[in-house]
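Asker: One structure, as C-alpha cells, below. Some questions next.
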Amino acid sequence: MSSQVSSHMLIQSAFEHSTEDRYVTFFKEVIKSTAHLVALWQCVGFTHGVLNTDNMSIVGLTIDYGPFGFMDRFHPGFVPNGTDSGGRYAYNKQPEMCRWNLGKLAEALSLVLPAELLKAELDLFDKTFEKSYMEKMRLKFGLLHHQADEDSDLIESFFETMDQTGSDFTNSFRCLSRFPLRGTKGEERERLLDYLLSQCSTKEELLKHYRATMEPSQLSMLMDLGRANPLVLSLIGVSMEQLQHEVDIQERHQQLKAMGGEDKLVANRELWSRWLDQYSKRLDTELEAAGEVTVDELQDQRARVMNANNPRFILRNYLAQNAIKLAENGDYSEVLH
C-alpha cells in the first residue's frame, strides 16, 4: 500500500492535471520514452535479452543487463540469452515485447483508472517507434535532405541482404559513409562492394548457424499435432511459431548444402550489387534535394552524420568473454587495453 501511495504522490506532483488526465498523461510519457528507447536498440543491433516487466522502468530505461548482446552477423531472431530457447526476447521481438509490457503497466494502474482506458493509448507506441526508428535510420543511411516514401523499403531490403548474406551488422552500416555520390570517384563503389563482401559469412559459418534442433520426422509430427490441436501443443511448451521457425531453419540449411562455395560468393555479390543500385538511385534524389550544396560538400556532410550515428566499435561478446577469462586468471591486459 505504501508503494501505491508514493507512486500516486509522485505522479500527482509531476503532472498538474485532473486525476484522469494526470494518469493518462503519465502513461503516454512512459509509452513514448519506451518506444524511443527500443527504436534506438533496433538501430544498433542491441538485444536486451530479458525484457520481463520488472526489468523495465517508467523513465524509459531498462535494468538487468546480464545476457544482453550486440549482434555480430545480422540475424533477425538473434537471442543472446541461452535460456530463451523459444526466442521470446529475440532482437526482432523487442518492440512487440515492450508494447506488451506497457499493456501490463496499464493493468497495474487499474487501481486508479480502468486498464482499457489506458490501453487505448497504446497506438502511440507504434507511432512513436516508427518515427524514432525512421529518423535514426535516415541518419544512418545519410538521407538528410529528403524523406522519400520508399525509404522504408530501402532499409528493409538492406536488412534482408544482410540476413541472406550473413553480413556483420555494425561493419555493414559503418562502411556506407564511403559510398560515392554521382559525380564522385566511381572506383570507390567497387572498393565498398569488396568490403561488404568481406563482411559476409562463409557457407560453413551459415551451415553451423542454420543447424536443426530436432529431427525432421519429429518436426513433422509436431506440426501435424499443432494444426489438429493447438492446445495440446501449448501444454508441452511449444508454439506453432517456434515450429515454423525450425521449418525455416531446416529449409535454409538444405538450400545452403546444395550451394557450392563459389555459388555462395556469386550470390553475395549479386545481392549486394542489387542493393547498392537501389541505394544509388535514392541518393540521386538526395543530391537533387540538397539544392546549392555541391556534391563534395554533400559527401562530406553525409560522412560526418553517418559516422556519428553508425558506431565503429561495439562490445562483441566473444571479445568480452576472452577478457573475462584472462582476468579471472590474473591477466588484465585485455580489460585495460
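The values are calculated or read from the model by the stated rules, or taken from the named source; none is laboratory data. These numbers come from a predicted model, not from an experiment. In this analysis, Cβ positions are derived from the backbone assuming ideal geometry, glycine residues included, and neighbour counts consider all displayed protein chains. Ligands, DNA and RNA are excluded from the accessible area calculation, which covers all protein heavy atoms including side chains. Shrake-Rupley method; radii C 1.70, N 1.55, O 1.52, S 1.80 Å.
Asker: So who's got an amide H within less than 5 Å of the one on Arg73, skipping anything under 5 residues away but keeping other chains? H placed 1.01 Å off N, in plane.
Answerer: So Arg73 has HN proximity to Phe169.
Asker: From the C-alpha gyration tensor of the range 32-129, pull out the three semi-axes of the equivalent ellipsoid (sqrt of 5λ each), sorted largest to smallest, in whole Å.
Answerer: That gives 25, 14, 11 Å for the three semi-axes.
Asker: Can you tell me the accessible area per residue over the chain, all protein chains present, probe 1.4 angstrom, in square angstrom?
Answerer: Spelled out: the 1.4 Å probe surface of the chain, per residue, equals 55 Å².
Asker: Cα-based Rg of the range 51-207 per 2.2 N^0.38 Å, rounded to two decimals?
Answerer: 1.30
Asker: Where in the chain are the DSSP H helices whose alpha-carbon span along the long axis reaches 30 Å or more and whose Kyte-Doolittle mean is at least -1.0?
Answerer: 19-44
Asker: Now, a different point. To the nearest Å, what is the center-to-center distance of the range 262-303 and the range 221-250, using C-alpha atoms only?
Answerer: 42
Asker: Which order do the peptides 153-163, 46-56, 273-283 come out in when sorted by mean C-beta neighbours inside 10 angstrom, highest first?
Answerer: The peptides rank, most packed first, as 46-56, 153-163, 273-283.
Asker: Still on this structure, please answer the following. Go through 200-206, 109-115 and give me the packing order, highest mean Cβ count within 10 Å leading.
Answerer: So the peptides 200-206, 109-115, ranked by packing, come out 200-206, 109-115.
Asker: Direction-averaged shadow area of the convex hull around the Cα atoms of the chain, nm²?
Answerer: About 24.0 nm², averaged over all directions.
Asker: What part of the accessible area of the range 217-312, given as a whole %, is carbon or sulfur when the probe is 1.4 angstrom?
Answerer: C and S fraction of accessible area: 53 percent.
Asker: Can I ask one more? Could you please report the charge total around Thr202, scoring K, R as +1 and D, E as -1 over all other residues with beta-carbon less than 10 angstrom from its beta-carbon?
Answerer: +1
Asker: While we're here: Accessible area, 1.4 Å probe, largest first: how do Val24, Val38 sort?
Answerer: Val24, Val38
Asker: May I pose another question? At q = 0.14, 0.19, 0.23 Å⁻¹, work out log10 I(q)/I(0) for the range 212-320 with the Debye formula, treating every Cα as an identical point scatterer and leaving solvent out; two decimals please.
Answerer: At q = 0.14, 0.19, 0.23 Å⁻¹ the computed log10 ratios are -0.88, -1.01, -1.16.
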